[in-house]
Structure formats: structure tokens, C-alpha cells
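Engineer: Pasting a structure here, questions to come.
The values are calculated or read from the model by the stated rules, or taken from the named source; none is laboratory data. Keep in mind that this is a model prediction, so the values were computed, not measured. Reconstructed Cβ throughout: ideal geometry from the backbone, glycine too, with neighbour counts over all protein chains shown.
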Amino acid sequence: MSGGADGVAPVERGSVRPLVTMNGLMLIAVVGVLAAAWWLRRLTGLRPDQARAWVSRGAKVIDVRSVAEFREQHLPGTINIPLEQLRHHIARHAPDKEQAVLLHCRSGGRSGMGAMLLKQMGYRKVFNLGSLSRARQVLGP
């Protein structure tokens, strides 16, 4: 079958061709944004007052960025365990799996992955603070 004058093949009778409309694309985009916002909220769902309360009760604050990133800047009192070393070094700093652990990184992605890893390892009180800037806002300088 050859194309029409505009180069698009006409739809044959009885065939079904998915029709994507601008409204459909907009709906998909809105749902995507809402899903991303919901997921981000889950990753950083700890309120500042809750984070400070955990720290006052002895929570470990762990920066999962690289050693080089940590050397450039970090929050006082934080422990640096790069994400790729977290599985092997967490027990040195938090041997008790009931120990509260607050993670952060540059943007929140690695700390989110670290939180999932620690939960899979059996740690029960693991929280993702998100980015370094959010951790600074929540916990102070």
C-alpha cells in the first residue's frame, strides 16, 4: 500500500491504529510528574523535626557520596561510607540493626539506593535525608 499525498498511509478498514492525542500525552506527563513527586516524597519522607529527634537519640548520619566529594564538603559529625562500600562497612558504624541511620548524598539518589540496601540487610530504622543541602537544612550546619 502506498502513502497518500501527505506521505502517511491511509488506515485500512478494520485495522486498529493507536491514536495518541495531545490530551493523552498531557495526561501521561501529569501522571509521570505526580508519580515522581510521590516517589521523591517517599525517599525524603522524614520531616525535619523527626530527623533532629532521631539524631538527638543517637542516630548515625551517613554520607554515601565518594571520598573525594566528602573531602570537598560535608556536615560535621557525619560518617562517610561511599555507596559501593556501604554493604561491607555499615556494621562497623551501626552494628545494631535497630540503630537509626540517616543517609544523604549529593542529590538523594544514592542515599535512596543505600536506604533500600540497608533495609534489605535487615536495618529497620533507615531514613533518606536526600541531598546534602537538604540534610544541612534539616540538621543544621
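Engineer: Residues of region 81-105 being aliphatic (A, V, I, L, M) and not in a helix (DSSP H, G or I), which ones?
Structural biologist: Residues satisfying the conditions are Ile81, Ala94, Ala100, Val101, Leu102, Leu103.
Engineer: Output the number of the condition that Val55 fails; it satisfies all remaining conditions of (1) surrounded by fewer than 20 Cβ atoms within 10 Å (Cβ to Cβ); (2) at negative phi; (3) in contact with a strand residue (DSSP E or B) (Cβ under 7 Å, 6 or more places away or on another chain); (4) outside any helix (DSSP H, G or I).
Structural biologist: Looking at each condition in turn, Val55 falls short on (4).
Engineer: Condition first: over 22 Å from Pro76 (Cα atoms) and loosely packed, with under 14 Cβ neighbours inside 10 Å. Now tell me which residues in region 87-105 satisfy that.
Structural biologist: His88, Asp96, Glu98 - these are the residues of region 87-105 that are over 22 Å from Pro76 (Cα atoms) and loosely packed, with under 14 Cβ neighbours inside 10 Å.
Engineer: Quick check: anything in region 129-138 small (Gly, Ala, Ser), surrounded by fewer than 22 Cβ atoms within 10 Å (Cβ to Cβ) and within 16 Å of the chain's Cα centre (by Cα)?
Structural biologist: Yes, region 129-138 has at least one match.
Engineer: Only residues that are under 12 Å from Leu75 (Cβ atoms), touching a helix residue (DSSP H, G or I) at 6+ places or on another chain (Cβ under 6 Å) and assigned to a strand (DSSP E or B): list them for region 106-141, please.
Structural biologist: Leu129, the sole residue that qualifies.
Engineer: Among the numbered criteria (1) at pLDDT below 70; (2) closer than 22 Å to Ser131 by Cα; (3) in a helix (DSSP H, G or I), which single criterion is violated by Asn23?
Structural biologist: (2)
Engineer: Follow-up. Evaluate the following for Asn80: is it in contact with a Ser or Thr (Cβ under 6 Å, 6 or more places away or on another chain) and closer than 19 Å to Gly58 by Cβ?
Structural biologist: Spelling it out, it is not the case that Asn80 is in contact with a Ser or Thr (Cβ under 6 Å, 6 or more places away or on another chain) and closer than 19 Å to Gly58 by Cβ.
Engineer: Still on this structure: Working only within region 86-111, note down all residues that are over 12 Å from Ile62 (Cα atoms) and under 9 Å from the mean Cα position of the chain (by Cα).
Structural biologist: Ser107, Gly108, Gly109
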